[in-house]
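Read the figures in this text as sums done on the coordinates, not as results from a lab. These numbers come from a predicted model, not from an experiment. Cβ atoms come from the backbone with ideal geometry, glycine included; neighbour counts cover every protein chain shown.
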Amino acid sequence: MIIKQLEIGDMDNFCYILGCETTRKALVIDPGADVARIVAAAEKEGLAIEMIVNTHAHGDHTAGNTPLKALTGAKIILHERDAAGYPQADVRLSDEKTLQLGDITIDVIQTPGHTPGGICLHAQGNLFTGDTLFVGDSGRTDLPGGDRPTLGASIRRLMKLPDDTVVWPGHDYGPTPSSTIGWEKRHNVNAREYGYYVGD
């Protein structure tokens, strides 16, 4: 699986391009407003963008949806509980399912708390967490639709994944641009509150 992490926008957002090495099909997670940069990065890898997936519907994660769709024809996918935030989505998820990107099967994990329709994507030992889980921290819950106990339950689910699962967050807010579930268990500032262990 090809993974391209792009930092886009004034809020240190991470946008991701996932590509299938065999079919050269690609998916974009949370496109920021600099769509030209996203398209150029995909073209450099010889990838054709077929899907756009929003981990949630906040504007800094959906800003590139419409222009990217116009350029590529990609379908926009969003959970139905966040549909009011971006009503133009082509596919509204109602439950956990899998997405197929060429030879890659991507599991959609519902992780509400930052927003009611928050999701994470899990594929081949990689977890794309949007604003559910950051490196060393977690998403805020003081915006409309946020709920801290719900977010805690979502993060506890993620902590059950293998320790070597790579965490790719929605913002560059931590000491490194990615981490692992094992690292988060030991170092995340919310570790005690969210019910997983602290320390070695």
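Tally time: how many residues in region 110-136 are closer than 17 Å to Asp163 by Cα and not in a loop (DSSP other than H, G, I, E, B)?
So the answer is 10.
For region 33-76: of the residues being in contact with an Asp or Glu (Cβ under 7 Å, 6 or more places away or on another chain) and surrounded by fewer than 24 Cβ atoms within 10 Å (Cβ to Cβ), which is nearest to Gly130 (Cα to Cα)?
Ala57
Within region 178-193, work out how many residues are under 19 Å from His122 (Cβ atoms) and either of a type in the set (Phe, Trp, Tyr) or surrounded by fewer than 16 Cβ atoms within 10 Å (Cβ to Cβ) (or both).
Going through region 178-193 one residue at a time, the tally reaches 2.
In contact with a Gly (Cβ under 8 Å, 6 or more places away or on another chain) and more than 22 Å from Thr62 (Cα to Cα): which single residue out of Gly130, Gly152, Gly170 fits that description?
Criteria check complete, one pass: Gly152.
Hey, can you tell me all the residues within region 164-180 that are out of contact with any Leu (no Cβ under 7 Å at 6 or more places or on another chain) and of a type in the set (S, T, N, Q)?
Hits for region 164-180 are Thr176, Ser178, Ser179, Thr180.
Tell me yes or no: at least one residue of region 139-150 is surrounded by 15 or more Cβ atoms within 10 Å (Cβ to Cβ) and touching a Phe, Trp or Tyr at 6+ places or on another chain (Cβ under 9 Å).
Looking for residues that are surrounded by 15 or more Cβ atoms within 10 Å (Cβ to Cβ) and touching a Phe, Trp or Tyr at 6+ places or on another chain (Cβ under 9 Å), one finds none in region 139-150, hence no.
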